[in-house]
Amino acid sequence: MVMMMRSCLGGGLLPVAVMLCLNVVAAVMVSLVKVAMDGGMKPLVIVTLQQLTAAVFLAPIAFFKERKSRPKLTLEIFAYIFVSAALGAALRQYMIFVALRYTTATFVTAFSNIAPVLTFLLAVATRSEALDLKSRTGLAKLLGTLVSLAGAMVLTLYKGVALTHAAAASQDQQQHSHGRLPPSAADSRGKWTLGTVAILGNCVCLSCWFLLHGRLAKKYPHVYSCNALMSLLSFLQVAVVGLCTQRSISPWIVTSKFNILTVLYAGIVGCGVSFVLVTWCIEKRGAVFVAAFIPVVQIIVSVIDFSILHEQLYLGSVLGSVLVIGGLYLLLWGKRQEALHCPPPPPPKVAEEDPADKEQQQVQHN
């Protein structure tokens, strides 16, 4: 971890500052969405309005920045963008908002740290990435994957004792020991399980989107146009589902100033601006550099969660988070060392000129 942070600082402080700001942006968005849903706002409504706001924000940027270089949109590229919109925006965002509704923001961000690990597993399964178990880097990547998955199991199956707000936790424990469990306890446990399944589905969708978007970037490298179209398609996808499930018009009418601020922040800052800055950081320092900052979101969210939202911190969340983050950094270290020791591609061969042609060119020149 120390070596990776040294490599992060070695290429300049501006990308580091940008990534720290992006983590603050993500943490604030998670907290705002959590409060908005606790106030009664539906996850499907938030996703729909967020993607619409992001599309409106990114469309002018894509038009003016890439209008002269943008190629024709073929049916194959449109299919890639359509599936990418479903996995990376519509379905993934809906699942993470459902998880926020039924669990805590700290739990969601802790579990989200396994997304790079699942991406690595899918890449190995689809032979997009090699895994050499005879090398030190290959063993580090495998060990990091196993440790992160073990941490995810701890987060899912073990809750443990409460480490914060001990008075409230002690009162709930006394009620449980005397058989006076609140009527909603079983329902709350079921919702927590549903939230866990939702955040796991979010990580799977994000991992599939990483691999799909990597292929899409090679076929259609115009990032602003691609993301603007992806936001528009995801808005249409979620809107169709939302109108079929939410027949009443009242959930779609947002009147609260806080909810309006949440939608605008999630769409413009949390989706639009963040995408532009993440793209810039990937171009400057690479995907491993960006992935190394993922756990920072959890730290910021935890501070907001406990100090402002007054959520409880459980032992299982701490132990699981330590395992997940430790395994993640071990995996990223292995990938970083593998990239450093990878031999550079050979320079392109220049065809040697025929001596007869060279002599003929000299005669013509004279």
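The values are calculated or read from the model by the stated rules, or taken from the named source; none is laboratory data. As the structure is a prediction and not an experimental result, all values here were calculated from the model. Positions of Cβ are backbone-derived with ideal geometry, glycine not excepted, and every protein chain shown enters the neighbour counts. These accessible areas exclude ligands, DNA and RNA; they are computed on the full protein's heavy atoms, side chains included. Shrake-Rupley method; radii C 1.70, N 1.55, O 1.52, S 1.80 Å.
Return one whole number: the accessible area per residue of the range 8-68 in Å², for a 1.4 Å probe.
I get 43 Å² per residue for this part.
Quick one: what are the phi-derived ³J(HN,Hα) couplings along the range 313-319, Karplus 6.51/-1.76/1.60 with θ = phi - 60°, whole Hz, x for glycine and proline?
Karplus-based 3J(HN,Hα) across the range 313-319 equals 9, 9, 4, x, 5, 5, 5 Hz.
Relative to the present Cα-Cα distance, how much length would full extension add between Ala217 and Phe64 at 0.36 nm per residue of separation?
So the chain would gain 53.1 nm between Ala217 and Phe64.
Estimate the FRET efficiency between Ala339 and Thr255 by the formula 1/(1 + (r/R0)^6), using the beta-carbon distance for r and 45 Å for R0, to the nearest 0.05.
Computed FRET efficiency for Ala339 and Thr255: 0.35.
Evaluate the distance, in nm, between pseudo-label points positioned 7 Å from the Cα of Val276 and of Val197 along their respective Cα→Cβ axes.
Here the answer is 4.0 nm between the modelled labels.
Could you check the spin-label model distance between Arg127 and Leu73? Points 7 Å from the Cα along Cα→Cβ, value in nm.
Going by the 7 Å Cα→Cβ label model, 3.4 nm.
Starting from the amide H of Tyr314, placed 1.01 Å from N in the peptide plane, find each other amide H under 5 Å away whose residue is 5 or more places distant or on another chain.
Answer set, sorted by chain and number: Leu163.
If the cut-off is 23 Å between C-alpha atoms, which lysines fall inside it for Lys284, apart from same-chain ones fewer than 8 positions away?
Partners within reach: Lys65, Lys218, Lys219, Lys335.
Share of the range 38-140's accessible area from carbon and sulfur, percent, 1.4 Å?
Answer for the range 38-140 is 64 percent, counting heavy atoms of protein chains only.
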